[in-house]
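The block underneath contains the structure these notes are about, expressed in structure tokens.
The values are calculated or read from the model by the stated rules, or taken from the named source; none is laboratory data. Since we're looking at a predicted model, the values are computed, not measured. Just the protein is used for accessible areas: all its heavy atoms, side chains included, with ligands, DNA and RNA removed. Shrake-Rupley method; radii C 1.70, N 1.55, O 1.52, S 1.80 Å.
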Amino acid sequence: MFMTMKATKRSLPSTGIYLDRSHPNKAGLCSVKVRVTYRRKSRYFKTGISLSSDQYDDCYNSVRPRGQNKVLRTKLDDLVNKSILIIKNLHPFTFDGWEKAFYRSGYDQDDLSY
């Protein structure tokens with residue numbers, strides 16, 4: 001009797017936004033990170049965005065954000081969508097491969113011939 005491995009939801013990578021409340025800076029702002037989880041291991045990647053807990057709740061946890069919160073919500077959703085797209089196109093999935101693709105996209109046009 002031999003068993004076959006089938007893809008379960010737990011073995012597929014997932015992604016989301018995480019507010020690192022445990023390490024606020026001197027101004028009281030917390031960094032927003034992209035969380036990638038694969039096989040029960042999570043890694044957090046910097047986004048360069050810092051928010052207070054109230055700002056985060058107003059823009060990301062709100063059902064209908066308004067004004068500046070809506071712009072910020074769109075930016076955070078774009079980061080999640082970018083992460084999902086990288087996960088779908090990365091075979092086999094590795095954290096290093098994901099990180100390289102995530103941070104590299106900003107430098108695609110940074111070429112001498114361009």
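Counting heavy atoms of the protein chains alone, Val63 has an accessible area of about 130 Å² for a 1.4 Å probe. Taking amide H atoms as placed 1.01 Å from N in the peptide plane, the amide H of Ser52 lies under 5 Å from those of Cys30, each 5 or more residues away in sequence or on another chain.
Here the 3J(HN,Hα) profile of segment 64-73, calculated from phi with Karplus coefficients 6.51, -1.76 and 1.60 at θ = phi - 60°, is 10, x, 10, x, 4, 5, 5, 5, 5, 4 Hz, Gly and Pro shown as x. Structure note, pairs Lys41/Lys70; Lys41/Lys75; Lys46/Lys75: Cα-Cα distances above 23 angstrom occur for Lys41/Lys70; Lys41/Lys75.
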